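Please treat every number below as a calculation from the coordinates, not as lab data. This is a predicted model, so every value here is computed, not measured. Ideal geometry is used to build each Cβ from the backbone, glycine not excepted, and the neighbour counts take in all protein chains shown.
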Amino acid sequence: MIEAGTSQFWRATMALCIGSFMVFANLYITHPLLPMLAEEFEISPLLASWSLTVTTLTLGLSLLVFGPLSDALGRTRLMLMTMCGAVLCSFVLSQISDFRWLLFWRALQGICLAGLPAIAIAYMGDEFTKKGLIAAVGLYISGNTLGGIGGRLIGGFAGELFGWQEAFALMTFISFFCLCLFVWLLPPSENFSARKVVPTQMMTDAYHHLSNPLLLLAYIVGGLNFFIFINQYSYATFLLADEPYYLSAGVLGLLFLTYLSGTVGAAFSGRIAKNIPQPLVMAMGIIILMAGTLLTLQGSLWAIILGFLVSAFGFFLAHSCASSWVSHTALHARATASSIYLLFYYLGASSGGFYLDPFWHSWGWDGVVFGSLVVLLITLLSSLMLYYKTSVKLERCAAGG
């Protein structure tokens, strides 16, 4: 098993972080381009957002396939194959000019992008010690945030300077470079034990995970937090592209630098969780996310930026803890357990826009904030319930022991 701090730990963690950067850069490249796409194709904000939504939707659904499939075929092979597919999709997207075809290839790309996130944490669960797993997950999710930032900056600036097709061309080159580094750095899997792909067993594993309240509550926390967080950014791009801000696509891309605070939150989540139970760290992150959401009501550009900085720190603090919680709480079929978490996570991202859209059209940004706080209250209560159930279980184990 790979111990934290060893050379193998850093090679494996760096490879997964680079792969994560590539995946999430490709996923979020259209985020700052939403106002540009709406104007160029003469479509509504909600329809323009489908250039992101359709990718997160197919990514989320594909996680149910790649996780269990990796239990049979191996982790590294599937991660490599799907990453190659994602690079190819980026190239094709740089060559098309019809919105319907853009949606088709973004949907296909979402399937390919699902490979690494469906498998990476299961790979860590196989190869790392528990202490190494907690540290590596925090760093890996930091790679997620850097990928999200990088993709949005590339999309914003390349889109503004050259056009959205050229943004995909640049992303193709960057993705291929990341793929080469991933292949070079990632150590081979040494503790993986293959299992046959049995659909009935997959359904049984999924049922057991979903009926386990210690996992289900973590799924709810991760899914509903992302349901709100990512779609706040989508509506913020339309808020800031309109009066009185009139920000361009390139400058809108800079808004996503606020994810850097999330990188810090994810990286330090493991250290914080050494002293505080993980469910309480989740609750802490949600409260910080709520505070950041409220800050954006001040209305000034700097208040909005500060609000998103605070929100990103809180969101990724909670997400990192919830993700690692699932991996070490699931006693079997870890890839399936992690895939279900990410399914909740990305289905949340795909559906949150539909929930927030009526608030946006009725009350503008104030409505988005109100709708966000309603859902975040649910996730806060879920994390506190998870802490209570964990405490009760520990007390029973102590009494029985």
Whole-Hz couplings from phi, Karplus 6.51/-1.76/1.60, listed for the range 271-286; x for Gly and Pro: 5, 5, 6, 5, 10, 10, x, 4, x, 6, 5, 4, 4, 4, x, 5
Taking the Cα-to-Cβ direction at PHE173 and at LYS131 and moving 7 Å from each Cα, how far apart do the two end points lie in nm? 4.4
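What shape does the range 158-306 have by the C-alpha gyration tensor, where a ≥ b ≥ c are the square roots of the eigenvalues, rounded means a/c under 1.5, and otherwise prolate means a/b greater than b/c and oblate the rest?
Values: a/c = 2.07, a/b = 1.31, b/c = 1.57.
Since a/c reaches 1.5 but b/c is at least a/b, the shape of the range 158-306 is classed as oblate.
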Given the options GLY222, GLY151, GLY353, which has the most mean-square fluctuation in a GNM of the chain, springs set between C-alpha atoms less than 10 angstrom apart? GLY353
Is the shape of the range 22-178 best called rounded, prolate or oblate, per the rule: a/c under 1.5 gives rounded, else a/b larger than b/c gives prolate, else oblate, with a ≥ b ≥ c the square roots of the Cα gyration tensor eigenvalues? prolate
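Just how large is the dipole of the chain about the Cα centre, in debye to the nearest 20, putting +1 at every Lys and Arg Cβ and -1 at every Asp and Glu Cβ? Please list the in-between numbers first.
Working: 16 positive and 17 negative charges, 290 e Å.
Dipole of the chain, to the nearest 20 debye: 1400 debye.
So for GLU190, GLU243, GLU166, GLU160, fewest C-beta neighbours within 10 Å to most, what's the order?
Details: GLU190 10, GLU243 5, GLU166 13, GLU160 19.
Ranked by crowding around the Cβ, least crowded first: GLU243, GLU190, GLU166, GLU160.
Sort the range 306-361 into rounded, prolate or oblate with this rule: let a ≥ b ≥ c be the square roots of the eigenvalues of the Cα gyration tensor; rounded if a/c is under 1.5, and if a/c is not under 1.5, prolate when a/b is larger than b/c, oblate otherwise. Intermediate results must be reported in sequence, preceding the final value.
Values: a/c = 4.98, a/b = 1.60, b/c = 3.12.
Oblate.
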Under the Karplus curve 6.51 cos²θ - 1.76 cosθ + 1.60, θ = phi - 60°, whole-Hz ³J(HN,Hα) for the range 23-35, x wherever Gly or Pro sits: 4, 7, 5, 5, 4, 9, 4, 7, 4, x, 8, 4, x
Give me the aspartates and glutamates in straight-line cross-link reach of LYS130: C-alpha distance below 14 Å, same-chain residues under 8 apart excluded. GLU3
Taking amide hydrogens as modeled 1.01 Å from N in the peptide plane, which residues meet the under 5 Å criterion relative to ILE2, leaving out close sequence neighbours? PHE128, THR129
Here are some values of volume of the Cα convex hull per residue in Å³: (1) 155; (2) 128; (3) 120. Which one was computed from this structure? (2)
The range 243-266 and the range 140-164: distance between their alpha carbon centers, rounded to Å: 10
With a Förster distance of 56 angstrom and the Cβ-Cβ distance between ASP366 and SER189, calculated FRET efficiency to the nearest 0.05 equals 0.65
Restricting to DSSP loop positions (anything but H, G, I, E, B) with no more than 10 other Cβ atoms inside 10 Å of their own Cβ, which trypsin sites (Lys or Arg not before Pro) remain in the range 106-205? LYS196
